[in-house]
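Asker: Below you'll find the structure I mean.
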Amino acid sequence: QVQLVESGGGLVQAGGSLRLSCAASGRTFSSYAMGWFRQTPGKEREFVAAINWSGGSTYYADSVKGRFTISRDNAKNTVYLQMNSLKPEDTAVYYCNAGRTIVIVTTFGGSWGQGTQVTVSS
């Protein structure tokens, strides 16, 4: 099982950019699919983006398609979420997820990090 630590959150104005990072422990990171999710108070956690073990396949929620990019560096055991053209509705706690398959990740299985807060001001 991997352990995950997110970073890179913060306060940004609408239209700005942030890059989130998720560092994973363990020597088997490259075999895991990875994902990003987000949650706001009173709402359920929602899927944002996912990437397969090699980085060759990526998946996005419609709400972020064209604005966010997920990528990974297996040599650094890290997955990234580049967020551009941020909107106030992107404000949330962002969580990293790791699972053995894309299906496990996109169905909210796998391991979770502690989250990082992203706040977009209007």
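The values are calculated or read from the model by the stated rules, or taken from the named source; none is laboratory data. This structure is a prediction, so every number in the text was calculated from the model and none was measured. Virtual Cβ from ideal backbone geometry, glycine too; neighbours counted across all protein chains shown. SASA here: full protein model, heavy atoms, side chains in, ligands and nucleic acids out. Shrake-Rupley method; radii C 1.70, N 1.55, O 1.52, S 1.80 Å.
Asker: Rank D90, D62, D73 by accessible area, highest first, at a 1.4 Å probe radius?
Answerer: Values: D90 0, D62 130, D73 45 Å².
Output order, biggest surface exposure first: D62, D73, D90.
Asker: Take the eigenvalues of the Cα gyration tensor for the chain, scale each by 5, and report the square roots as semi-axes in whole Å, largest first.
Answerer: Details: eigenvalues 101, 38, 36 Å².
Square roots of five times the eigenvalues give 22, 14, 13 Å.
Asker: Take the chain, connect every pair of alpha-carbon atoms lying under 10 Å apart with a spring to form a Gaussian network, then pick out the residue of N77, N52, N97 with the largest mean-square fluctuation.
Answerer: N77
Asker: Which residue fluctuates most in the GNM of the chain (Cα springs below 10 Å): A98, A50, A75?
Answerer: Highest fluctuation of the listed residues: A75.
Asker: With the full set of protein chains in place, find how many percent of the accessible area of the chain is carbon and sulfur; take the probe as 1.4 Å.
Answerer: Of the solvent-accessible surface of the chain, carbon and sulfur hold 49 percent.
Asker: So, for segment 46-122, what is the accessible surface per residue at a probe of 1.4 Å, expressed in square angstrom?
Answerer: On a per-residue basis, segment 46-122 sits at 47 Å².
Asker: Same structure, new question: How many nm separate the modelled label positions at A61 and K43, each set 7 Å beyond the Cα in the direction of the Cβ?
Answerer: 0.6 nm
Asker: Mean residue ellipticity at 222 nm from the helices of the chain, using -39,500 (n - 2.57) per DSSP H segment of n ≥ 4 over the full residue count, to the nearest 500 deg cm²/dmol?
Answerer: Helix-only estimate at 222 nm: -1000 deg cm²/dmol.
Asker: Largest first, what is the accessible-area ranking of E44, E6, E89 with a 1.4 Å probe?
Answerer: Final ranking, largest accessible area leading: E44, E89, E6.
Asker: The chain: longest stretch without exposed trypsin sites (Lys or Arg not before Pro) (DSSP loop, at most 14 other Cβ within 10 Å), sites themselves excluded?
Answerer: 1-26
Asker: Follow-up. Can you list, bin by bin at 5 Å, the percent of alpha carbon pairs in segment 45-92, starting at 0?
Answerer: Computed distribution, short to long bins: 5, 20, 30, 23, 13, 8, 1.
Asker: Which residue, V93, V105, V48, has the most motion in a Gaussian network model of the chain that connects Cα atoms within less than 10 Å?
Answerer: Checking each option, the largest mean-square fluctuation is seen for V93.
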